[in-house]
Structure formats: structure tokens, C-alpha cells
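Only one structure is covered here, and it is reproduced in the block below.
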Number of protein chains: 2
Amino acid sequence: MLEQELALVKIVVVEPAGALNVGAIARVMKNFGLSQLILVNPQCDRTSEAARHMAVHAGDVLAKANEVATLPEALQGCTRIIATTARDRQWDLLEPARTVLPWLIEAPKQQSALVFGPESRGLSNEELNYAQRFARIPSSPNYAALNLAQAVAICCYELAQAVDLPPSDRSSKTNNYAAFEELEGYYQHLEAVLLKIGYLYPHTAASRMEKFRHIYNRAYLDKQELGAIRGILTQIEWALRAAETRE
Amino acid sequence: MLEQELALVKIVVVEPAGALNVGAIARVMKNFGLSQLILVNPQCDRTSEAARHMAVHAGDVLAKANEVATLPEALQGCTRIIATTARDRQWDLLEPARTVLPWLIEAPKQQSALVFGPESRGLSNEELNYAQRFARIPSSPNYAALNLAQAVAICCYELAQAVDLPPSDRSSKTNNYAAFEELEGYYQHLEAVLLKIGYLYPHTAASRMEKFRHIYNRAYLDKQELGAIRGILTQIEWALRAAETRE
């Protein structure tokens, strides 16, 4: 039974502008058994009359929502992160919500996050880059953009539907996945080493690093694997120092 | 192809009280390729500012919505009718939305209807009796009642999912995946470099390399990505040679 896993999914909303939307999100989360709402730099008041009116009997979800300043803060401790986007991204595989969302609740006892962008612009490239997988809700080319709260509703519904499904066998992999901050530490270390060996140049580092993020995010590393590939970086640094001191 | 069938599904809302809900319903209908909205004895103004504000780019759906006095009028010409309800009905089989909704679009060139009740009370027994089948959206016992527009959103989404969607743009990711022999070349190169920098020892190389294979196989690299990570290896070799010849 995966119902406990549902309670471990954070709904992260970046810079929501509409209090009505935030209230509606709280309601539909409770409708489908979710309870952790994180607002990143909200542009509206979740304690307002409008938000509470839309939340109806989900005032508890609204009241205990967390507000944080940045997306990385919201993602602390999460081992599986899916970002939602309507954009057509060349560089990565957008997966239908139905296919990809169950992945969030397959790893037992792990915090995971489902990230939504602001009403006006959706998630930026930088924000998308924190995620390992990307969900889209298939919609009509005549009017593709869903209302934010509707998009959250459909995703929460899909997650709840997935709970009723038998656990898939890919959940059998270790539940010892690398957490967000551990991966970030690796990317910073990788960038430093690549700059040092002259693979990266300061002015192109950001766009190049984005590609490596995509690769390693997709690989979905566990802590041991992350340790192994990070060990390579340490060893490169050691070998360079050894070569330099040798004459 | 069932997409035309989607356009033949009427969304019938009995006595909606909220203009915001009606606007949101129009928007999400258009998001999922539906266009026929029928309001039965509406208790709000679909031409109001609030409704149009929520409809955003679905003002056309809102403008051409039909208003009728009774539910039987709304159902004229429909051969398949599903009513939505959250009630636990002894006398009939409530089917999950996912299971029952595709039935609406299975009969070619037939008008069909999906009926929703008012925000406050849902559909009455009498109203339910016009339908042939009954859909429910499985939700949490802690808070089962969905917002009306959210319920419509999930049902429209399910209908659109049931339609044989055209090949989506998610196939747009390159089909330029790295071939087996290219990956093998990378693994051999990686092993050579890791031996050289002292990360691997000859007697443990095989089992360690197996772990790296798992990581990169999972990442499912395209040719360009493989080129990028293989470039790192070349650069490490270059940096080591440069360090060795430096004094």
C-alpha cells in the first residue's frame, strides 16, 4: 500500500500570484490525500479570505503550508523531483503526467516533490534544471495552457490513481537515493574540476553544466553511485597534484 | 480516430452557482478539446467579468454555451449519458471516471453528455436517473468533495486521454541515441583513464566498471551527450600530460 507515500509528496508552487489558485490547490491536495504544500516566494497571501474561501475544508493544508524564498530550499531532502512544464523542450523527454508521476511514490519512505511554475510564465529553464524528470499534461494545441490549480488537480488525481496500482518492480531498487543537496554538491565539484582541467571555460560553464545535469539527473543516482562518481573527481584532483609535483 | 467524438461530448452543468467555476469549466474544456457547454437553470451569469476572467482564452466556449431550463432539455439528442456523483448509491454501480468515461466517445458520430450537479448539493436522485451510467472520481475519505470546476477538469482530462492522441511532440527528442559500440568505446576509455589516475586497480576494475555501466546505461545517452562526457576523458588525459611536462 502506497498511501503513506502520497503523504510524502510535496507540492511545490513557484511564485503563485493568485490566492484563489492557492486555496483551490490546498483543497484538491486534500481531496487526493496530499498535505505538504510549499510556496516559493509567493506573490499572494495564502491566509487571505480568497484563499481560505477556495480551500473550504482544507484550511489545515493552507495553514501549515511552508513559504520559502528559493526553489532549492523547497527541495531540501527530496530524492525524486518532477517538474511540470508545457514547453516543448528539445533537450529532454517530456513525459505524460500519467506515465511519469507514479515514479514519485515508488520509492518507499522517500520525500519527493512535484514542482509547478507561476501562472504567468511557467517554470524557467533554471528552475526546470533542478528536476530529474519532466511531466506534461497532454492538452489541445488550440489552447494548451491549463489554469495552475487545474494542472495541480490533474496531477494530484494521477498520483492518487497510481496509489491503487500494484507497486511496480522498479521500486525494488535501493531506497537510498542521493538527495537534492548531495547532487548539487556533485555538480559544483564537477564544474570546479572541469574548469581546472580546461574542459570548461568560465563563460560557457553554465550552459555546458546544464547538459551534465540532464544526464546525471536522468540516471537517478543512489548515494553509493554518487559517491563513486564523486570519487573520480577527487582522484582526478589527486592525480593532477601528483603529476605537478613529479618532475 | 476519436478526436471528433470528443467534440460531440456535451458538458452539462446543473444549476451552477459560481461564475468563476463556469469560466474555469469553459477553459478546461477547451484545454482538452471539448466545446459544447450546457448550463441548466444557471444561478450565475456566464457573461460576467468573473466568468470571462477565468475562461481566459476560452471566451468562445463561454459565449456559445447553451442555457436551458431543465435537464431533459439539455440531454436532447444524446445517446449516451453519464452522470457524476460522489454519493454512495446502493442502487447502482458507481464506476471510476477512468473506467466509465471512454464509453462516451466509443459510439461514432453520436452526441453524448456528461452531467455535473450544483456546487452545493450534487445531482439529485431524479437528475441521476436520466443517466445510463454513473461516474465517480475516487478521492480521499478525509475530504471527498471536489470543487465543481476541478471535477470537470479531471473528467475532461480523462476523456482526452481516452482519445487516441496523435503522436505527440515528446518524440521530438532526438532519435540519435548512442549506439551500443559507441557506449562500449566510452566504457573502455573511462576504464583506461580511471586506471591511469589510480581510481581503479586492475583486480577490481571489472566490478567497479559494472556500476558505471549501470549509471550511464540508465541515463540513455544520445550521441552528442556521449561526445560531451567522452570529451571530459580526453581533457583529463591532456591535463595530466600538461601537468607532467610542467616543472
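The values are calculated or read from the model by the stated rules, or taken from the named source; none is laboratory data. A quick note: this is a predicted structure, and the numbers were derived from the prediction, not measured. Using ideal geometry, Cβ is built from the backbone for each residue, glycine included, and neighbour counts are taken over all protein chains shown. All accessible areas refer to the heavy atoms of the entire protein, side chains included, with ligands and DNA or RNA removed. Shrake-Rupley method; radii C 1.70, N 1.55, O 1.52, S 1.80 Å.
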For segment A:66-78, state whether one or more residues are touching a Pro at 6+ places or on another chain (Cβ under 8 Å) and at pLDDT 95 or above.
-> yes
Taking segment A:216-247 and the residues there that are charged (D, E, K, R), free of Cβ contacts under 8 Å to residues at least 24 places away in the same chain and in a helix (DSSP H, G or I), the one that is farthest from B:LEU190 (Cα to Cα) would be A:GLU244
What number goes with the only condition from (1) touching a residue at least 12 places away in the same chain (Cβ under 8 Å); (2) surrounded by 21 or more Cβ atoms within 10 Å (Cβ to Cβ) that B:ALA162 does not pass?
-> (2)
Determine, yes or no, whether B:PRO42 is surrounded by 14 or more Cβ atoms within 10 Å (Cβ to Cβ) and not hydroxyl-bearing (Ser, Thr, Tyr).
-> yes
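Which members of segment A:53-64 meet the condition of being open to solvent by 10 Å² or more (accessible area, probe 1.4 Å) and either closer than 16 Å to A:LEU114 by Cβ or within 14 Å of chain B (Cβ to nearest Cβ) (or both)? Reasoning before the result, please.
Our first condition is that a residue be open to solvent by 10 Å² or more (accessible area, probe 1.4 Å); within segment A:53-64, this holds for A:53-54, A:56-57, A:59-60, A:63-64.
Answer for segment A:53-64, where residues must be open to solvent by 10 Å² or more (accessible area, probe 1.4 Å) and either closer than 16 Å to A:LEU114 by Cβ or within 14 Å of chain B (Cβ to nearest Cβ) (or both): A:HIS53, A:MET54, A:VAL56, A:HIS57, A:GLY59, A:ASP60.
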Report, by residue number, each residue of segment B:189-215 that is at the interface with chain A (Cβ under 7 Å from one of its Cβ atoms), part of a helix (DSSP H, G or I) and open to solvent by less than 50 Å² (accessible area, probe 1.4 Å).
-> B:LEU194, B:ILE215
Out of (1) more than 13 Å from chain B (Cβ to nearest Cβ); (2) out of contact with any strand residue (DSSP E or B) (no Cβ under 7 Å at 6 or more places or on another chain); (3) closer than 25 Å to B:ASP222 by Cα, the odd one out for A:ARG87 is which?
-> (1)
Among the residues of segment B:103-116, how many are open to solvent by 10 Å² or more (accessible area, probe 1.4 Å) and either under 17 Å from B:ALA86 (Cβ atoms) or within 14 Å of chain A (Cβ to nearest Cβ) (or both)?
-> 0
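Taking the condition open to solvent by 50 Å² or more (accessible area, probe 1.4 Å), more than 12 Å from chain B (Cβ to nearest Cβ), free of Cβ contacts under 8 Å to residues at least 60 places away in the same chain and more than 14 Å from the chain's Cα centre (by Cα), does A:ALA69 pass? Break it down stepwise before answering.
Numbers: open to solvent by 50 Å² or more (accessible area, probe 1.4 Å): yes; more than 12 Å from chain B (Cβ to nearest Cβ): yes; free of Cβ contacts under 8 Å to residues at least 60 places away in the same chain: yes; more than 14 Å from the chain's Cα centre (by Cα): yes.
Judged against the criteria, A:ALA69 is a match.
Tell me, yes or no, whether segment B:14-26 has at least one residue that is in contact (Cβ under 8 Å) with a residue 40 or more places away in the chain, among the charged types (D, E, K, R) and within 16 Å of B:GLU119 (Cβ to Cβ). Walk me through how you get there before you give the answer.
Kept after step one, since they are in contact (Cβ under 8 Å) with a residue 40 or more places away in the chain, are these residues of segment B:14-26: B:14-18, B:20-22, B:24-25.
Then keep just the ones that are among the charged types (D, E, K, R); that gives B:15.
Then drop every residue that is not within 16 Å of B:GLU119 (Cβ to Cβ), which leaves B:15.
Yes, some residue in segment B:14-26 is in contact (Cβ under 8 Å) with a residue 40 or more places away in the chain, among the charged types (D, E, K, R) and within 16 Å of B:GLU119 (Cβ to Cβ).
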Of all residues in segment B:79-113 being modelled with pLDDT under 90 and touching a Ser or Thr at 6+ places or on another chain (Cβ under 6 Å), which is farthest from B:ILE154 (Cα to Cα)?
-> B:GLN110
Got a number for residues in segment B:6-55 being assigned to a helix (DSSP H, G or I) and at pLDDT below 95?
-> 2
Qualifying positions in segment A:11-30 - more than 22 Å from B:ILE137 (Cα to Cα) and either among the small types (Gly, Ala, Ser) or more than 10 Å from chain B (Cβ to nearest Cβ) (or both) = A:VAL12, A:VAL13, A:VAL14, A:GLU15, A:PRO16, A:ALA17, A:GLY18, A:ALA19
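Kindly provide the set of residues from segment B:136-159 that are part of a loop (DSSP other than H, G, I, E, B) and free of Cβ contacts under 8 Å to residues at least 40 places away in the same chain, ordered by number.
Residues of segment B:136-159 part of a loop (DSSP other than H, G, I, E, B): B:137-147.
Once the filter is applied, which keeps residues that are part of a loop (DSSP other than H, G, I, E, B) and free of Cβ contacts under 8 Å to residues at least 40 places away in the same chain, segment B:136-159 yields B:SER140, B:PRO141, B:ASN142, B:TYR143.
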Test result for A:GLY33, more than 20 Å from B:PRO138 (Cα to Cα) and in the same structural domain as A:GLY77 (by TED's automatic domain parsing) = no
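Determine if segment B:229-240 includes at least one residue that is open to solvent by 80 Å² or more (accessible area, probe 1.4 Å) and over 17 Å from A:ALA219 (Cβ atoms). Write out each step before concluding.
Here is the first cut: in segment B:229-240, the residues open to solvent by 80 Å² or more (accessible area, probe 1.4 Å) are B:230, B:238.
Cutting the leftovers down to over 17 Å from A:ALA219 (Cβ atoms) gives us B:238.
There is at least one residue in segment B:229-240 that is open to solvent by 80 Å² or more (accessible area, probe 1.4 Å) and over 17 Å from A:ALA219 (Cβ atoms).
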Can you name the helices (runs of 4 or more DSSP H) wholly within segment B:61-135 that have at least 2 residues being assigned by TED's automatic domain parsing to the domain that holds B:ARG46 and among the acidic types (Asp, Glu)?
-> B:125-128
